[in-house]
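The values are calculated or read from the model by the stated rules, or taken from the named source; none is laboratory data. Predicted, not measured: the structure shown is a model, and the values here were computed from it. Backbone-built Cβ (ideal geometry, glycine too); neighbour counts: all protein chains shown.
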């Protein structure tokens, strides 16, 4: 059985193929991987693109948990954090229990009720603590001021 199932979500200026070097290393180490394609990152505009991106990430997590993966680890870079965390917030408790951690690489983490624009205009001196087990924010903060994530 695979050690972990990594779900590598790409950012706004990339495609799933950009993960190929890391996918190769992870698979050689005995891990499973998924690289969902975000529908909004295309030359053709689509309606309700954020919802489509959320759905793509959610489906990838659902597939990984349904296929017997005991441990699913999403990786969200940059824009991937927006649909990624929105997707995680809609998972069942059973699906959430299979996610021991989320890896963020300069990811945008937008608190509930906020937008990317509103958090970037917030006071940069504040800090954020996020309880990933419940996918809720304790207080709004711009992503560049992220200091601590509780697991």
Might you let me know whether segment 53-63 holds any residue that is in contact (Cβ under 8 Å) with a residue 40 or more places away in the chain, buried (at least 23 other Cβ atoms within 10 Å of the Cβ) and in the same structural domain as residue 33 (by TED's automatic domain parsing)?
yes
Hey, could you check segment 20-50 for residues that are within 17 Å of the chain's Cα centre (by Cα) and over 20 Å from residue 71 (Cα atoms) and say which is surrounded by the fewest Cβ atoms within 10 Å (Cβ to Cβ)?
50
Of the candidates 111, 100, the one satisfying the condition of being over 15 Å from residue 11 (Cβ atoms), at pLDDT below 90 and in contact with a strand residue (DSSP E or B) (Cβ under 8 Å, 6 or more places away or on another chain) is 111
